[in-house]
Structures are given as structure tokens and as C-alpha cells.
Amino acid sequence: MKAALLASKGELAVREIPDAAHEGWAVVETRAAGICGTELHIIDALFEPPRYPFTIGHEAAGVVASAPEGSPVRAGQRVAVYNMIGCGHCEWCRSGNPQVCTEPVGQLGFTLDGTFSDYIAVPAENLVPLPDEVSFADAALLSCAGMTAVHASRLGGVALGDVVVVDGVGGVGLMMIQVARACGADVLAIADEETKAELARAAGAERCIVLGPGGYADVAEAVREATSGAGASHFVELVGTEESMLAGLRSLRRHGTFVSIGYTGEHLNVHPVELILSELRWVSSVAASRRDLETAVGLCAGGRLETVVDTRYPLDQVGVGLDRLRARKVSGRNVLVWE
């Protein structure tokens, strides 16, 4: 089979590799795999892969090719792939939170070979059945961006009547806007250009701030102007620079919640008083649980969560999709497809 292999830092190519196999696991024939900004972090070794060569990719959907006897899925079934493989016995796995497992088996595309391949080996318990209303491309994006948005909303406590600022109108940001709206919140999106602001409005954002030459310097004031001086109840941070994070903290109302998802190589330098005086909450959110993926699939099937696909590429053109992502020329998400 073919896979997108990272031979060394920055060196990616599509190569033939042995067929996917793992005793006791199911095998999925890949039909779609989303191209996420995290892949750039892996390629650049911000997250060092466990070895080279290494198959990248962490979000996918497809058809079950084989499954062990007694599995919850069957051959021929359409599924989304949940990428976190927990130990199954720690307190976090037992409570349905394998994303913070203390002794994980691993995560596809991070510590285990990923989803940019013709076939994927994964525990059958990690496969979420897909209703006919959800396409493979939709499901692949829900397996990262969609479930991440659901998980962050739950952790952050987004509720009816809240004002949620979503900073960053990419794949996760567009999902976050829709999930926050489904929770009954009003959404203000921050975009770096007008075309992305248009995408945010189409996804359900009532208001948008388009960054000007000053970047994030004026964001806090703009958020307060848009909220009659009160500030936002939630600031969902997807950009991850020090400038954007400080702007987010300063945009919040008293008892506001900063939801941290995005990251770069930058650190945050903030005086504790900025958090203490307004009794702000900081909630960090990593990936999601299988339940969150199930919820995202259900929202999509019901027409309340839509994906935005920029371009579909065959596996052999994965480098083109990654280059466009690095150049910030993608509106929504690029997706690899297997016809």
C-alpha cells in the first residue's frame, strides 16, 4: 500500500510500505483524510515523531476491511476513525477520557503511524459508525476539527446566551463557531482577512473582527465595543501566539473563560493579577473523547455542523495541500481522498 512517509525532518514523500496489520485490531480502507496544521508541526519537528520513517496524518474515515470476531463493527461498514488509543484501564479511560490517558498505547499520526495511507490499523473500539448523511470527507474533518470543537465547548461550559469569541477562522474555528451556536451562544469571530470573515459569517458568526495593520493590539477594545463594554464570556484561542493569547485574556468579562486550543513555539508572559482581579478561568483542551466524535457526527447528520472543504487531493499530491496550508491559502480544510 502507499503512505505519506516522513523520512526525516522536513522530508516527506509518498512511498510503498507493507500492508497495515496489527494483531487484534481492525483494518480500515481509507476513503478520506483531513490535512491539519498539526501535520506541519510534525514535519517541522515541533512535535518530534517517535522514529523515521513515519506515516503522518491523524484524521480519517473509511470502510472497515477487516475486524476481529466479536468487534462492534463489521467488514464493509462506513466509519470515522478516533485517533487516540488509551490504555483502557486507568481512571481517565474508565471515565471516557482517553485523550488524557496516563499510559496511552499512542495516537495515530503522533506516536503511532498515521492516516495518510491506503489502509489504517486501529482498535475496533476506536471506530465510530457513520450514518449515510455523513460523507467520508465530512467524517474525516469531524475526526479532528469537529470533535475538538465539541470537546472545547463542553470543557469551557459554553451555554445559552454566552458571548463566545473564536480567534482563528480555519478548520477548527469554523467548527467552533457552529458548535457554540448549537449551544445557544452568540459568536464573534476574529479573522486575518475579509474572505475568512465571510466564511465565519456563513458558519454562523453574528459579528467579525478583521485584523488590521496593528494585529491584535486593538482586539480587546473591539471586543468590548461589540459587547457594550462587558467583554466576552469565552475566548476560544486557536492561533497560539503570545500576542493573540494576551488579547484574548484582555477581552474577557469578569468570570470569563479563556479556552486554549491553538499553540505555536511561543510562550505566554502574563502577570497573575491580570487573571486574578477578574477571576478568570483558563481551560486547556486537547483533542477530544470518542463521545465528542460521536456527538460531532450526530450534529453533522442532523444538519447542525457542516464542514468547509477547500480542495480535495489524491494521496500523491499531499505535498501540494501541505504547501498551501503553510502559505495560509486554505479556506476551511484540504482533504485527501481515495476514489
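Derivation of every value follows stated rules applied to the coordinates shown; laboratory data play no part. These numbers come from a predicted model, not from an experiment. Methodologically, a virtual Cβ is constructed for each residue, glycine included, from the backbone with ideal geometry; neighbour enumeration extends over all protein chains shown.
Over segment 149-284, Cα pairs under 8 Å with separation of 6+ residues give a relative contact order of 21 percent. Remark: spin-label model distance VAL283-THR111 equals 2.6 nm, labels positioned 7 Å along the Cα→Cβ axis. What FRET efficiency would be calculated for the residue pair ALA75, ALA327, taking the C-beta separation as r and a Förster radius of 35 Å, to the nearest 0.05? For R0 = 35 Å, the calculated efficiency reads 0.30. The antiparallel fraction among DSSP beta bridges confined to the chain stands at about 55%. Report, to the nearest 10°, how far helix 171-182 tilts away from the longest principal axis of the Cα atoms in the chain, using its own Cα long axis and a range of 0 to 90°. The helix 171-182 is inclined about 70 degrees to the chain. For the peptides 307-315, 172-180, residues were scored by their other Cβ atoms within 10 Å and the scores averaged per peptide; the highest-first order is 172-180, 307-315.
Per the Cα gyration tensor, segment 146-286 maps to an equivalent ellipsoid with semi-axes of 19, 17, 15 Å, ordered largest to smallest.
Could you tell me what a quarter of the Cα convex hull surface of the chain works out to, in nm² with one decimal place? Write down the numbers at each step before the final one.
On the way: hull surface 66.7 nm².
Average of the hull's projected areas for the chain equals 16.7 nm².
Evaluated at q = 0.18 Å⁻¹, a Debye calculation over the C-alpha positions of segment 12-66 (equal weights, vacuum) places log10 I(q)/I(0) at -0.78. Expressed to the nearest 5 percent, the antiparallel share of DSSP beta bridges inside segment 149-284 is 5 percent. Legend: Rg and Dmax of segment 106-201, from Cα coordinates, 15.7, 45 Å. Centroid-to-centroid, using Cα positions, segment 251-312 and segment 95-128 are 21 Å apart.
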